[in-house]
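I have placed the structure first, in the form of structure tokens, so that the comments after it can refer back to it.
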Amino acid sequence: MDLKGKNCLVTGGSRGIGRVIAEHFASLGANVAITYASSSDAAKEAVKAIEEHGVKGKEYQADAVDFSKAEEVIASVVNEWGSLDVLVNNAGITRDNLILRMNEQQWDDVINTNLKSIFNYSKAATKPMMRARGGSIVNIGSIVGISGNAGQSNYSASKAGMIGFTKSFAKELASRNIRANVVAPGYILTDMTGKLDEKVLESIKSETPLGRAGNPEEVANVVAFLASDLSSYITGEVIRVDGGMAM
């Protein structure tokens, strides 16, 4: 797998799965820019780790919900590096609650951050990718966007919407050799999942045919494949990385 010479942007790339994806891209020879919401220190650490692979790195403070900021970030990447070859829409949040207790703000926050953001960045990436007559967009979904999950109606809806958006986008841009796919992780060991109760974690593991949690690197490997030319005939696809949980 080779990403040498490719210029990539990973939203929410300062921590968690996003950071692992960004560093993996760099290890494969790509220049990688990341966006982050609030932690400048974490973003700078991520860029330092990217640049240790001998490639270019850059960070942008950007609220994923901000449409004009998405245009600004992508324009900056294209102006500085000459192109945007790969976009990974990874930024996302959870505001879990049962539907009877969920308030409007919890719904709106998740839908805006997780779903509107992929419209913002994918739309901004369309013109430079069309000019280059090629590009790959990888959207980080979740198996709950396929199966649903109690207490996550907002999150599930945002990830299901992502799948519909990705398939539509893939059909619209295929003639320009721009591909779009979804990677749908299951239970992956991150800071976010690390906050779950131990009994909940054991229950999740027992429901997973492979009997264990996944690692962020296992997600990053699939994302890198979809970003690379090895997946040149794959578009509009949803690939689960879930140990068989949603099988």
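Quick note: the coordinates plus some simple rules give every number you see, no bench work behind them. All values reported here derive from a predicted model rather than from experimental measurement. In this analysis, Cβ positions are derived from the backbone assuming ideal geometry, glycine residues included, and neighbour counts consider all displayed protein chains.
Along its principal axes, what span do the Cα atoms of the range 53-151 show, with the longest given first and each in whole Å?
49, 29, 25
Helix 216-227: angle to the longest alpha-carbon principal axis of the chain, degrees 0 to 90, nearest 10?
40
Residue 120: net charge of surrounding residues, Cβ under 9 Å, Lys/Arg +1, Asp/Glu -1, itself excluded?
Details: positive: 69, 116, 123; negative: 66, 71.
Net local charge, residue 120 excluded: +1.
So which aspartates and glutamates can residue 123 reach, going by Cα to Cα under 18 Å and dropping same-chain residues fewer than 8 places off?
Here the aspartates and glutamates satisfying the reach criterion relative to residue 123 are 63, 66, 71, 72, 85, 172.
Excluding same-chain residues fewer than 8 positions from residue 4, which lysines have a Cα within less than 18 Å of its Cα?
56, 58
Given a cut-off of 30 Å, name the pairs among 48/199; 44/116; 127/167 whose C-alpha atoms lie farther apart than that in the structure shown. The partial results should precede the final answer.
Numbers: 48/199 37 Å; 44/116 26 Å; 127/167 18 Å.
Checking Cα-Cα distances, 48/199 exceed 30 Å.
I'm checking a number: the convex hull volume of the Cα atoms of the chain, normalised per residue, in Å³. What is it? Before the final figure, lay out the partial values.
Numbers: hull volume 29.3 nm³, N = 247.
Value for the chain: 119 Å³ per residue.
Could you sort 61-71, 32-42 so that the peptide with the highest average Cβ count within 10 Å comes first and the rest follow in order? Can you show the working numbers first?
Numbers: 61-71: 17.8, 32-42: 19.7.
With the highest mean Cβ count within 10 Å placed first, the list reads 32-42, 61-71.
Going by how many other Cβ atoms sit within 10 Å of their own, how do 53, 24 line up, fewest first? Don't skip to the answer; put the middle values down first.
On the way: 53 18, 24 23.
Ordered from fewest to most neighbouring Cβ atoms within 10 Å, 53, 24 come out as 53, 24.
In percent, what relative contact order does the range 7-241 have, based on Cα pairs under 8 Å that are 6 or more apart in sequence? It would help to have the intermediate numbers written out before the result.
Values: 454 pairs, mean separation 45.7, N = 235.
Reported relative contact order: 19 percent.
Show me the ranking of peptides 88-95, 199-206, 148-155 by mean Cβ neighbours inside 10 Å, starting with the highest.
Details: 88-95: 23.9, 199-206: 11.9, 148-155: 17.5.
Highest to lowest by the protection proxy: 88-95, 148-155, 199-206.
What aspartates and glutamates does residue 69 reach when the alpha-carbon gap must be under 18 Å and sequence neighbours fewer than 8 apart in one chain are set aside?
59, 80, 109
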